[in-house]
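Data block below; observations after.
The values are calculated or read from the model by the stated rules, or taken from the named source; none is laboratory data. Every value quoted in this text rests on a predicted model; they were computed, and no experiment measured them. Please note: Cβ atoms are built from the backbone with ideal geometry, for glycine as well, and neighbour counts cover all protein chains shown.
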Amino acid sequence: MGIVNFSIPKELVVKLIDFKEIDNFIETGTYKGVTSFWAAKYFKKVYTIEIDERISNETSSIPGCPNNIEFLIGNSKNILPELVQSKLSGSCFFWLDGHWCMGAGGKDEECPLLDELEAIKSIQNPIIFIDDARCFLGPLPPPHDSSHWPRIDQIFNKISQLFPNHRFTIQDDVIMVIPVEYMPVLDDDWKNSFHVRFSSKKKSSFLGKIKKKLKSL
């Protein structure tokens, strides 16, 4: 599987917004705010959920923090249902990146992804991107507890049950769950970047990115 970049595929997200406006960006895993600060430029409202209160407070205190970001503190499996029921209106893009890595909170429950998907199911036609697809392909090495992490087949089964009218795939280390109406955007992006993904010239940089990401686990 060729990879152009890690983390959120920003160019693709912008293409999806250009195709049809998306009101809300919801992120699990605030960390240093890089993704939420970027999203604030393109979405009317950004909600970012962080289990570690210290991290959330530090990030929300960064000078120039956009005023359309709402910082929420707690376990995403508990916060998301409340958010869905009480605050979200309009179209939604979910960036699920709240699984544990060293230096971040959440070690006691490393990956509540299946609970997060359950919480989202009542949203009409959400777009859902799940980061770190490689972490679900097999057991993770220590210090991770692999029993906390669903396998890729469990995730795909859950997606099929909860979002039967969506399509799903893996690109650039991201599991993408897309309403059918957005598929032309995804397909065009895949075709246009195909040679970049699978060019032999990209292999060395690709391996370097893999090593860097593995060190962060």
note = Reported set for the stretch 154-202 where residues are among the hydrophobic types (A, V, I, L, M, F, W, C), under 21 Å from LYS15 (Cα atoms) and within 20 Å of the chain's Cα centre (by Cα) is PHE168, ILE170, VAL174, ILE175, MET176, VAL177, ILE178, VAL180, MET183, VAL185, LEU186, TRP190
task = Check PHE198, PHE156, PHE168, PHE163 and return the single one that is hydrophobic (A, V, I, L, M, F, W, C), out of contact with any Ser or Thr (no Cβ under 6 Å at 6 or more places or on another chain) and modelled with pLDDT under 95.
result = PHE198
ask   = Taking the stated definitions as given, is SER36 at pLDDT below 95 and closer than 26 Å to LYS20 by Cα?
value = no
ask   = In the stretch 39-49, which residues are surrounded by 18 or more Cβ atoms within 10 Å (Cβ to Cβ) and farther than 21 Å from ASN78 by Cα?
value = ALA39, ALA40, PHE43
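Specify the residue that is surrounded by the fewest Cβ atoms within 10 Å (Cβ to Cβ); the eligible residues are those in the stretch 135-153 that are of a type outside the set (Asp, Glu), in a helix (DSSP H, G or I) and free of Cβ contacts under 8 Å to residues at least 60 places away in the same chain.
Start the filter on the stretch 135-153 by keeping residues that are of a type outside the set (Asp, Glu), which leaves 135-144, 146-152.
After this cut, where a residue has to be in a helix (DSSP H, G or I) as well, the list is 135-136, 146-148, 152.
Those left that are additionally free of Cβ contacts under 8 Å to residues at least 60 places away in the same chain: 136, 146-148, 152.
Numbers: PHE136: 21, SER146: 14, SER147: 7, HIS148: 17, ILE152: 15.
Among those residues, the one meeting the criterion is SER147.
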key: Answer residue from the stretch 50-81, given it is of a type in the set (Val, Ile, Thr) and surrounded by 14 or more Cβ atoms within 10 Å (Cβ to Cβ) and is nearest to ASN24 (Cα to Cα) among those   = ILE69
